[in-house]
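Let me begin by presenting the structure, written as structure tokens, before commenting on it.
The values are calculated or read from the model by the stated rules, or taken from the named source; none is laboratory data. Since this is a predicted model, take the numbers as computed values, not measurements. Here the Cβ positions follow ideal geometry from the backbone for every residue, glycine too, while neighbour counts run over all protein chains shown.
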Amino acid sequence: MSENSINPAERLKLGPREGITYPLMVKYCGNCSMPIEYCEYYPEYEKCKAWLEKNLPEQFERVKLEEETGDGVDDDKKRQKRGGKGLMKIKKKEEVTKRITLSRAPRGKKKSVTVVTGLHTFEIDLKVAAKFFGTKFACGSSVTGEDEIVIQGDVKDDLFDVIPDKWPEIDVDLIEDLGDQKR
Ligand SMILES: [Zn+2]
């Protein structure tokens with residue numbers, strides 16, 4: 001009997017075909033000696049697959065295809081990976097750039113004021129800071145903007161020491177000298 005005598009629908013069917021006599025209905029695995037359908041329950045399934053690949057390549061291809069398309073253990077692994085690190089993102093608290101700027105501005109013909117900005121980025125109370133500067137330098141000091149303090153007098157150079165001394169969280173590298181600025 002030739003292959004051509006089987007109609008296409010019949011040929012696609014798995015298992016024994018009508019009119020064909022199979023000498024062996026069940027194929028046994030050379031590794032675990034079980035019918036190959038049961039190999040996947042055998043602890044050394046990998047060895048079974050190796051045997052299958054070598055001795056029954058057609059069966060091996062079918063097993064491989066089932067593993068790749070089936071919703072077995074592999075799919076669970078994928079799901080676990082998806083739920084992992086993606087949710088562990090740590091939210092950064094520091095959204096504002098922490099930076100102090102110091103500048104000097106002329107006041108009248110001979111005098112200068114010193115302008116301090118950025119203390120608020122370190123969550124420092126500006127009123128407290130202004131009062132501190134006033135006491136420290138024995139001069140007028142006041143909050144003049146949302147994050148700005150003006151000290152009466154040229155104390156810019158002193159502030160590079162005074163500020164990190166008073167607020168250790170402010171590293172001297174975070175203090176920028178803007179030089180002389182017109183106001
Ligand atoms: Zn086996």
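Working only within segment 106-145, note down all residues that are among the small types (G, A, S) and closer than 21 Å to L174 by Cα. Can you show your working first?
Within segment 106-145, the subset among the small types (G, A, S) is 108, 112, 118, 129-130, 134, 138, 140-142, 145.
Answer for segment 106-145, where residues must be among the small types (G, A, S) and closer than 21 Å to L174 by Cα: G118, A129, A130, G145.
Please determine whether any residue of segment 17-27 is over 30 Å from H120 (Cα atoms), modelled with pLDDT of 80 or more and within 16 Å of the ligand (Cβ to nearest atom). There is at least one residue in segment 17-27 that is over 30 Å from H120 (Cα atoms), modelled with pLDDT of 80 or more and within 16 Å of the ligand (Cβ to nearest atom). For segment 156-176, the set of residues classified as touching a residue at least 40 places away in the same chain (Cβ under 8 Å), outside any loop (DSSP other than H, G, I, E, B) and over 18 Å from C139 (Cβ atoms) consists of L174, I175, E176, listed by residue number. Is there a residue being at pLDDT 90 or above and touching a Cys at 6+ places or on another chain (Cβ under 7 Å) anywhere in segment 30-43? Yes, there is a match, as at least one residue in segment 30-43 is at pLDDT 90 or above and touching a Cys at 6+ places or on another chain (Cβ under 7 Å).
Residues are listed down the side, and each one gets a yes or a no for (1) in contact with a strand residue (DSSP E or B) (Cβ under 9 Å, 6 or more places away or on another chain); (2) at pLDDT 95 or above:
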| position | (1), (2) |
| --- | --- |
| T135 | yes, yes |
| S141 | yes, yes |
| F160 | yes, yes |
| K166 | no, yes |
| L178 | yes, yes |
| R183 | yes, no |
